[in-house]
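The values are calculated or read from the model by the stated rules, or taken from the named source; none is laboratory data. Quick caveat: nothing in here was measured; it's all calculated off a predicted structure. Every residue, glycine among them, receives a Cβ derived from its backbone with ideal geometry; neighbour counts consider all protein chains shown.
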Amino acid sequence: MKLPSLKIGPHTAAIPLIQGGMSIRVSTSALAIPVAECGGIGTIGGSGLPPEELKEDIIRAKKATKGLIAVNIMFAMRDFNELVDASIEAGADMIITGAGFSRDIFKIGKKNNIPIVCIVSSPAFAKLAEKLGAAAIIVEAKEAGGHLGTERPLRELFSEIRPVVTKVPLIAAGGITNGFEMAEMMDKYGADGIQIATRFVLTKECSVADEFKQAYLNAKKDDVTLMRSPVGMPGRALKTKFVQKLMSGKPLKAENCEFKCIKKCNHLYCINERLMNACRGDIDEGVVFSGENVYKLNDILTVKEVFDQFVSQAESIYKEKGKSV
């Protein structure tokens, strides 16, 4: 059965799939454009970027596609408001936000007629986000990569949140690696769509260094771990040499932070610099955020091939929301 479209605010994505917004400079316009062209929602990771750089990248994306371009911005960022303003000025279609909860963002969204999509990890915050005016809600569970707000698995968490969100689309995120799982979340669990990120790193269009992609391809199940982040939330990442040193509990050499990007940084190390190290290919001294199921992925595809694979697999078993697969 054909997959339904995904309507968020005034916008409709032909394919109910959001590409996760990975920072820093992992999800750029180079990745978001082909995702949007394939009928999904392409997302630029805005956290950690200078507002002007973010603005230029959004404008680049909007000029290149008539599809939907979102921007993901963590509320934990010190310049959160400036990044939101830059996104609106550049013409982003929607703003996705998580890693903290902002009440003011809904007022900004309403004032500027831009949909706000909230990433949540509890029924309480899902219910609050819908009440305050979220255009859609993403349930992100422990299997996701990057900063996490829960230790609970997707299917368990989603089942609790689904009954309390009744007016806006509810999207499942965390550990989804193929179209069969996409159909399962939509059909059996009632998701209106899915968000995936890790799978899109392993595409030809993703602009990270080849060493970053090879680290994903070489990853075994035990190579993925939870680590401490200066943001104040645990992060799921690969066990690079730096991450292993961090996990050992040994004192880290003090790092000068030129970015000062987080509102309440615990100064363990500079997360911006470590993420950029990985993006540039210095895996040993970097932080490589990754979903829990990265070990299941073993090839680099084009974005179109990812879409074709997910859609064909999902439609081969998809029935309708609420019916068992």
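Quick notes on this structure:
- Scanning segment 148-207 for residues that are small (Gly, Ala, Ser), crowded, with 19+ Cβ neighbours inside 10 Å and closer than 17 Å to Pro4 by Cα yields a total of 5.
- The residue list Lys221, Lys253, Lys245, Lys204 contains one member that is at pLDDT 95 or above and farther than 25 Å from Ile96 by Cα, which is Lys221.
- Just one of the numbered conditions (1) modelled with pLDDT of 95 or more; (2) over 23 Å from Gly235 (Cβ atoms) is not true of Leu154: (2).
- Yes/no for Lys62 being among the basic types (Lys, Arg), without any contact (Cβ under 8 Å) to a residue 40 or more places away in the chain and touching a strand residue (DSSP E or B) at 6+ places or on another chain (Cβ under 9 Å): yes
- Qualifying residue in segment 65-82 (condition: surrounded by 23 or more Cβ atoms within 10 Å (Cβ to Cβ), in a loop (DSSP other than H, G, I, E, B), touching a residue at least 60 places away in the same chain (Cβ under 8 Å) and in contact with a helix residue (DSSP H, G or I) (Cβ under 9 Å, 6 or more places away or on another chain)): no
- Conditions (1) in a strand (DSSP E or B); (2) in contact (Cβ under 8 Å) with a residue 40 or more places away in the chain: number failed by Ile95: (2)
- Members of segment 259-304 found to be in contact with a Cys (Cβ under 7 Å, 6 or more places away or on another chain), of a type outside the set (A, V, I, L, M, F, W, C) and either modelled with pLDDT of 95 or more or over 24 Å from Glu143 (Cα atoms) (or both), listed by number: Lys304
- Per the conditions (1) surrounded by fewer than 24 Cβ atoms within 10 Å (Cβ to Cβ); (2) touching a residue at least 40 places away in the same chain (Cβ under 8 Å), the sole criterion not satisfied by Ala124 is (2).
- Set Ile24, Ile88: member being in the same structural domain as Lys167 (by TED's automatic domain parsing), surrounded by fewer than 24 Cβ atoms within 10 Å (Cβ to Cβ) and in a helix (DSSP H, G or I): Ile88
- Test for Asp93: is it charged (D, E, K, R) and out of contact with any strand residue (DSSP E or B) (no Cβ under 6 Å at 6 or more places or on another chain): no
- Annotation: of all residues in segment 27-64 being farther than 22 Å from Ala209 by Cα and acidic (Asp, Glu), the one that is surrounded by the fewest Cβ atoms within 10 Å (Cβ to Cβ) is Glu52.
Residues are listed down the side, and each one gets a yes or a no for (1) farther than 21 Å from Gly291 by Cβ; (2) touching a strand residue (DSSP E or B) at 6+ places or on another chain (Cβ under 9 Å):
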site: Phe106; (1), (2): yes, yes
site: Ile119; (1), (2): no, yes
site: Val139; (1), (2): no, yes
site: Pro153; (1), (2): no, no
site: Leu157; (1), (2): no, yes
